[in-house]
Amino acid sequence: MVAQLLNGVVLGSLLIMMSLGLTLIFGLGRVINLAHGAIYSLGALLTFTLTSNGVPFLLALAIVPIIAAVLD
């Protein structure tokens, strides 16, 4: 039981250190995070869906960031 707890803490610490290192490296290198790509894809899908249902493109461009922010 104690060994499992210790292994979990060690593994969690390793994953945290790796993620902090990657965040630091990508942040300093001005590399866009993969989560940003998911939000862009969501925005593109919402824009396509709205314009396919008859909403004018410029109106969809005004509405989609609000919807994406709420869904994210």
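Summary table below
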{"item": "Residues of the range 40-67 classified as of a type in the set (Ser, Thr, Tyr), at pLDDT 90 or above and either within 22 Å of the chain's Cα centre (by Cα) or open to solvent by 60 Å² or more (accessible area, probe 1.4 Å) (or both), total", "result": "3"}
{"item": "Options 20, 28, 14; residue that is surrounded by fewer than 10 Cβ atoms within 10 Å (Cβ to Cβ) and at pLDDT below 90", "result": "28"}
{"item": "Residues that are open to solvent by 100 Å² or more (accessible area, probe 1.4 Å) and either under 24 Å from the mean Cα position of the chain (by Cα) or of a type outside the set (Val, Ile, Thr) (or both), drawn from the range 1-10", "result": "1, 4, 5, 6, 7"}
{"item": "Unmet criterion (only one of (1) under 30 Å from residue 23 (Cα atoms); (2) at pLDDT 90 or above) for residue 36", "result": "(2)"}
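Every residue, every condition in (1) farther than 11 Å from residue 64 by Cα; (2) assigned to a helix (DSSP H, G or I); (3) in contact (Cβ under 8 Å) with a residue 12 or more places away in the chain; (4) not hydroxyl-bearing (Ser, Thr, Tyr), yes or no:
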residue: 13; (1), (2), (3), (4): yes, yes, no, no
residue: 20; (1), (2), (3), (4): yes, yes, no, yes
residue: 25; (1), (2), (3), (4): yes, yes, no, yes
residue: 32; (1), (2), (3), (4): yes, no, no, yes
residue: 35; (1), (2), (3), (4): yes, yes, no, yes
residue: 41; (1), (2), (3), (4): yes, yes, no, no
residue: 44; (1), (2), (3), (4): no, yes, no, yes
residue: 50; (1), (2), (3), (4): no, yes, yes, yes
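The values are calculated or read from the model by the stated rules, or taken from the named source; none is laboratory data. Because the structure is a prediction, the values reported are computed rather than measured. Don't worry about glycine lacking a Cβ; one is built from the backbone with ideal geometry, like all the others, and counts go over all protein chains shown. Only protein heavy atoms, including side chains, enter the accessible area calculation; ligands, DNA and RNA are left aside. Shrake-Rupley method; radii C 1.70, N 1.55, O 1.52, S 1.80 Å.
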